[in-house]
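Student: Next up is a structure, given as structure tokens.
Throughout, read-outs are computed from the coordinates displayed, never taken from laboratory work. This structure is a prediction, so every number in the text was calculated from the model and none was measured. A quick note on method: Cβ atoms are made from the backbone with ideal geometry, for glycine too, and the neighbour counts reach across all protein chains shown.
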Amino acid sequence: MSLADVLASHPFFDSLSEYERAFLAQHALLRILSKEEYLAAQGDHWPYLFLVVEGELEAVKVSAEGRSLIVTTFARGDIFWGPAFFETDLSLPVSLEANQPTTVALWSRSSLDPLLAKGGIGWALARLMLQYMWRANVLLERLVFQPVTARLARLLLDHFQSTASPTLPRTLTLDDMAARIGTTREVVCRTLYDLADRHIIDVTRTELVLMDRDSLVKLAEGT
């Protein structure tokens, strides 16, 4: 499928005219990233809007102490931008890293000025920004108000649901889990084995097995 076809079938771009979508396809820069390759690094002044065409990007925040937090994951069809796309002095607060082979379409702010001046794509971006603000609010509430056990339970549930199987291969390392729920690998390890002691999951060297879904749901909901 060509980029023009991707844009034509994407709900973000469906309000644009055929000419505007053709303009976007013509001015896009395609980047093909290998797993663990960065699209942009935390602290960069990066004035681009991006669309994930294939694969996934993780937004990773690294603290001064070197701890990592995966703030969100951008999957196929997701759109986002660097702060410098709107304000040139603002730096990127996260790194954008491919967690699998990924293709991304990029547009610089300068290349989109003719469309932004017309207002249509600007309004679409404003609506999208509201959606992301809501997602960020949910993430913040979980990190601030939910204990680690609840955050880990939610992470495990999401992965069990994505596989539609009670058995989950241990493709996520302890560090991966810690980065996704805002804690350390040691805390994740202790919490996993606490769940195993309570017969909610079974932990082996190669997989996690869901033993008691109802209990895991209650933990995830904080009940």
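Student: Just flag the chymotrypsin sites (Phe, Trp or Tyr not before Pro) in the range 32-117 sitting in loop per DSSP whose Cβ has no more than 15 other Cβ atoms within 10 Å.
Tutor: Values: sites: Y38, Y48, F50, F74, F80, W81, F85, F86, W107; in loops: F86.
In loop regions of the range 32-117 (DSSP not H, G, I, E or B), the sparsely surrounded chymotrypsin sites (Phe, Trp or Tyr not before Pro) are F86.
Student: Moving on. What FRET efficiency would be calculated for the residue pair S9, S108, taking the C-beta separation as r and a Förster radius of 35 Å, to the nearest 0.05?
Tutor: Numbers: r = 24 Å, r/R0 = 0.68.
My answer for the efficiency is 0.90.
Student: Translational diffusion coefficient of the chain at 4 °C, 1.567 mPa s, Stokes-Einstein with Kirkwood Rh over Cα pairs, in µm²/s as a whole number.
Tutor: 67 µm²/s
Student: If Rh is defined by the Kirkwood formula over all Cα pairs and Rg also comes from Cα, what ratio Rg/Rh do you get for the range 146-220? Spell out each step's value before the answer.
Tutor: Working: Rg = 10.9 Å, Rh = 12.0 Å.
We get a ratio of 0.91 for the range 146-220.
Student: Could you name the aspartates and glutamates whose alpha carbon sits less than 19 Å from that of K35, not counting residues in the same chain fewer than 8 places away?
Tutor: E54, E56, E58, D78, E97, D175, D176
Student: OK, next. Is the C-alpha gyration tensor of the range 28-79 telling us rounded, prolate or oblate? Criteria: a/c under 1.5 is rounded; beyond that, a/b larger than b/c is prolate, otherwise oblate.
Tutor: Details: a/c = 2.03, a/b = 1.59, b/c = 1.28.
Taking the square roots of the gyration eigenvalues as a ≥ b ≥ c, the range 28-79 is prolate.
Student: While we're looking at this one, here's another question. What residues of the range 45-63 lie in the reach of a label at S2, counting those whose backbone N is under 11 Å from a point 7 Å from the Cα along Cα→Cβ?
Tutor: Within reach of a label on S2: no residues.
Student: Now for a separate question. Where the centroid of each part is defined by its Cα atoms, how far is the range 190-215 from the range 1-80 in Å?
Tutor: 35 Å
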